[in-house]
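K.L.:
Structure provided below as structure tokens; questions to follow.
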Amino acid sequence: MNTVVRAARPEEIAKVEAQKQAESEVASKPTPAPARLVERPGKERERVLELEYPVDYDGTVYETLTLKRLRGSDFSALANMKGDEEEVALAVLMTGAPREVIKALDGDDFVELQEAVQAFLPRKLRMAAAQLSETGQNTQR
């Protein structure tokens, strides 16, 4: 088999060496720790709701649901949750519970969960929801 070899010019060699050096420097930089929220005293980030009527789903009995405040990354996840009502999608996202569990909740437990969800929404979203309710516009989809 014949192999053709071409000689590289000095500027080509310098360019390849510079690229290798840059790649080496990037690879040697330590990866920063992930960003995390700093806890503030008196600021509730989680709430545990005890269910009056526990739900059994897929071998697990849900007696409580732990609700967590939304983070920035949750908003894109919320946009990708298609096919569910807004209330169910928010509850799934904020509790981590399967949507089947949220949909199976007793009415009293569901209403209590929705009140907690509303309380944990960012201020601007709570204000927008309150304004829609005051104007009588339909907030259901």
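Values quoted throughout were computed directly from the atomic coordinates according to the rules given, and no laboratory measurement underlies them. Because the structure is a prediction, the values reported are computed rather than measured. Note that each Cβ is placed from the backbone with ideal geometry, even for glycine, and that neighbours are counted across all protein chains shown.
K.L.:
Between (1) 1.24; (2) 1.81; (3) 1.13, which entry matches Cα Rg over 2.2 N^0.38 Å as derived from the coordinates of this structure?
P.N.:
Matching entry in (1) 1.24; (2) 1.81; (3) 1.13: (2).
K.L.:
Something else about it: Charges at C-beta only: +1 for Lys and Arg, -1 for Asp and Glu. How large is the resulting dipole of the stretch 10-50 about its Cα centre, in Debye rounded to 20? Please report the intermediate quantities before stating the final value.
P.N.:
Details: 8 positive and 9 negative charges, 70 e Å.
Its charge dipole is roughly 340 debye.
K.L.:
Assigning unit charges at the beta carbon (Lys, Arg +1; Asp, Glu -1) and nothing else, what dipole magnitude in debye, to the nearest 20, does the stretch 1-93 show about its Cα centre? Don't skip to the answer; put the middle values down first.
P.N.:
Numbers: 14 positive and 18 negative charges, 183 e Å.
Taking the Cα centre of the stretch 1-93 as origin, the dipole is about 880 debye.
K.L.:
Please work out how much length the chain gains when fully extended from residue 79 to residue 21, using 0.36 nm per residue of separation minus the C-alpha to C-alpha distance, in nm with one decimal. Numbers along the way, then the final one.
P.N.:
On the way: separation 58, 0.36 × 58 = 20.88 nm, distance 4.12 nm.
That works out to 16.8 nm of additional length.
K.L.:
May I pose another question? So what's the angle, to the nearest 10 degrees on a 0 to 90 scale, between helix 86-95 and the longest Cα principal axis of the chain?
P.N.:
Around 70 degrees separate the two axes.
K.L.:
If you don't mind, another one. Over the chain, how many pairs of lysines fall under 24 Å by alpha carbon, counting only those 8 or more apart in sequence or from different chains?
P.N.:
9
K.L.:
Still on this model: Cα axis of helix 107-120 to longest principal axis of the chain: angle in degrees, 0 to 90, nearest 10?
P.N.:
50 degrees
K.L.:
Additional query: Round to the nearest 0.05 the FRET efficiency obtained for residue 130 and residue 108 when R0 = 25 Å and r is the Cβ-Cβ distance. Walk me through the intermediate numbers first.
P.N.:
Numbers: r = 23 Å, r/R0 = 0.92.
Computed FRET efficiency for residue 130 and residue 108: 0.65.
K.L.:
For the chain, with the dipole built from +1 on Lys and Arg beta-carbon atoms and -1 on Asp and Glu ones, taken about the Cα centre, which of 90, 105, 125 lies farthest toward the positive end?
P.N.:
It is 125, whose Cα lies furthest towards the positive end.
K.L.:
Would you mind calculating the relative contact order of the chain from Cα pairs under 8 angstrom and at least 6 residues apart, reporting the percent as a whole number? Numbers along the way, then the final one.
P.N.:
Working: 95 pairs, mean separation 25.3, N = 141.
Here the relative contact order equals 18 percent.
K.L.:
Can you give the calculated 222 nm mean residue ellipticity of the chain, where each DSSP H run of n ≥ 4 adds -39,500 (n - 2.57) and the sum is split over every residue, rounded to the nearest 500 deg cm²/dmol?
P.N.:
On the way: 6 runs with 71 residues, N = 141.
That comes out to -15500 deg cm²/dmol.
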